[in-house]
1. Report the residue count in the range 338-359 for those that are surrounded by fewer than 17 Cβ atoms within 10 Å (Cβ to Cβ) and free of Cβ contacts under 8 Å to residues at least 40 places away in the same chain.
2. Can you tell me which residue in the range 49-77 is nearest to D18 (Cα to Cα), limited to those that are modelled with pLDDT of 95 or more and in a strand (DSSP E or B)?
3. Here are the criteria: (1) modelled with pLDDT under 90; (2) in contact with a strand residue (DSSP E or B) (Cβ under 8 Å, 6 or more places away or on another chain); (3) open to solvent by less than 40 Å² (accessible area, probe 1.4 Å); (4) not polar (S, T, N, Q). Tell me which single one P395 does not satisfy.
4. Against the conditions (1) touching a helix residue (DSSP H, G or I) at 6+ places or on another chain (Cβ under 9 Å); (2) modelled with pLDDT of 85 or more; (3) surrounded by fewer than 17 Cβ atoms within 10 Å (Cβ to Cβ), where does R123 fall short? Just the number, please.
5. Is it true that some residue in the range 161-168 is hydroxyl-bearing (S, T, Y), closer than 21 Å to T127 by Cβ and either at pLDDT 85 or above or in contact with a Phe, Trp or Tyr (Cβ under 9 Å, 6 or more places away or on another chain) (or both)?
6. Could you check how many residues of the range 70-85 are surrounded by 14 or more Cβ atoms within 10 Å (Cβ to Cβ) and acidic (D, E)?
7. Suppose we filter D325, D319 for residues that are among the acidic types (D, E), in contact (Cβ under 8 Å) with a residue 12 or more places away in the chain and open to solvent by 30 Å² or more (accessible area, probe 1.4 Å); which single one remains?
8. Mind checking which residues of the range 43-67 are under 17 Å from N26 (Cβ atoms), of a type outside the set (K, R) and in contact with a strand residue (DSSP E or B) (Cβ under 7 Å, 6 or more places away or on another chain)?
Amino acid sequence: MVHSIRSLSANIADLLLDVVFLVDRNDVIVDVSAGCERMLGYRPTELIGRSILDFVVPEDRDQTRAEVARVEAGQDRVGFENRYVHKDGRSIDIMWSARWIADLGLRLGVARYISARKRAERRQEATYAISEAAYQAGDLAGLCAEIHGILDRMVGAPGMIVVTDPTPQQGFKVIYRRDHDERSRLPSRACLARWRTTASTPDALAPDAVRHVAGGRVTTWLMIELKGPSGTIGALLLRDRARTGYSAAERGLLHFVAAQVGLALERKRLHDDLMRSACHDELTGLPNRRLFFDRIRTAVARARRCQSRLGLLYVDVDDFKQVNDRHGHAVGDALLREVAARLVECARESDTVARLGGDEFVLLLEDLHAPEDAEHCAAKIRAALAQPVPTLYAPLCIGASIGIALFPDHADQVETLLMHADSGMYATKRIRKCDTGTAHAVPAPVTVSLSGRA
């Protein structure tokens, strides 16, 4: 007796690693091969009679309907990919081949399980995307926002929190906290603090499944250690769309991605530290000479273009050498930090306060309405610096000489503007010495603690 392959089709369909579906015009499953239980977790009897779209991940339903329309229009389709919800709740990736059987009014679809391949692709895509984000992001917060978008597209992560330096001794900083669902309540800082375990090892973090209760609703967050070359640098917390937690496969992918995130954050932080060190004074934290000259060139060009006025104040601490000679460099350093803090308090947020070196400071004042505005700022500085600097045993009194230059009143170039302010500062210093003699610094013990700023 001769048998054809077609006469064995029912047996062949059930033996295939792929799954064969027959679906009518209303998207109702008419028949399905036995492999559906292996792929989706459902027996054929549990699927037949139900809409196939009920099992499609909600975010993929629109593109699935569009693909169905192409098949029912008579196009043979190969390679369409979408995601289905497994019986255990996780999402799986499927690739389809489909055609329309006109005389039966049915779609014939062959589904292939491709989740393993898609996970590998997503790992690679995430690695490239995070590396690119780390290169392009302006700061840590911007990098975290880019990473949030990448993870949300990859596995669905509407909520994300990043904490750094989570040590019991130092506490932690929340550098990013956002949920795309405006109705969702993010965990409070107090709740975050409870997520650290009190285990014996200082780097031990709480279990990765963390439950947060808000508004009578329990939300599960996934918490993953972020590691850098030197060890744990923080933690990444993610909320899935269902608020019930991620599947084992998704957690595996996210743990892999978290390793890339940790390295990216550490590189970005090191880069930011290097950039700050290159452009800021180590002692006072103010912009240094390099950053100041960059800003004044930009400011002068902007003032020339907008026909506005800017002011430059050159500030020199009187007899600072005597403070160092009498009390030591530690006291001198603390005094410079106090002077820097007082100058910042006298300036607007839009102004630049910089330390050029030694005891010389400059203030760059943009968009002045009148020449008198610069003098008002100088008077404010004199009054602030005239207040004694508190120490443990005796106050330390200081004075300052200030030179003022205005653009375009006194000069229209950066170099001549600085020369005018510098000359004005020295002229003021000579006048002060003639009027009062040598400026004084009340003696104090070598051990000095400047109030709140040492």
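The values are calculated or read from the model by the stated rules, or taken from the named source; none is laboratory data. If you're wondering where the values come from, they're calculated on a predicted model, not measured in any experiment. Cβ sites come from the backbone with ideal geometry, for glycine too, and all protein chains shown count toward neighbours. SASA here: full protein model, heavy atoms, side chains in, ligands and nucleic acids out. Shrake-Rupley method; radii C 1.70, N 1.55, O 1.52, S 1.80 Å.
1. 5
2. So the residue we want is V56.
3. Of everything listed in (1) modelled with pLDDT under 90; (2) in contact with a strand residue (DSSP E or B) (Cβ under 8 Å, 6 or more places away or on another chain); (3) open to solvent by less than 40 Å² (accessible area, probe 1.4 Å); (4) not polar (S, T, N, Q), P395 misses just condition (3).
4. Evaluating R123 over (1) touching a helix residue (DSSP H, G or I) at 6+ places or on another chain (Cβ under 9 Å); (2) modelled with pLDDT of 85 or more; (3) surrounded by fewer than 17 Cβ atoms within 10 Å (Cβ to Cβ) leaves (2) as the failure.
5. Applying the first criterion (hydroxyl-bearing (S, T, Y)) to the range 161-168 yields 164, 167.
Narrowing the set further to residues that are closer than 21 Å to T127 by Cβ leaves none.
No; the residues of the range 161-168 include none that is hydroxyl-bearing (S, T, Y), closer than 21 Å to T127 by Cβ and either at pLDDT 85 or above or in contact with a Phe, Trp or Tyr (Cβ under 9 Å, 6 or more places away or on another chain) (or both).
6. Step one: list which residues in the range 70-85 are surrounded by 14 or more Cβ atoms within 10 Å (Cβ to Cβ), which gives 70-72, 77, 80-85.
Those left that are additionally acidic (D, E): 72, 81.
Of the residues in that region, 2 qualify.
7. On the way: D325 fails: in contact (Cβ under 8 Å) with a residue 12 or more places away in the chain.
So the residue among D325, D319 that is among the acidic types (D, E), in contact (Cβ under 8 Å) with a residue 12 or more places away in the chain and open to solvent by 30 Å² or more (accessible area, probe 1.4 Å) is D319.
8. The answer is L47, I48, G49, S51, I52, F55, V56, T64, E67.
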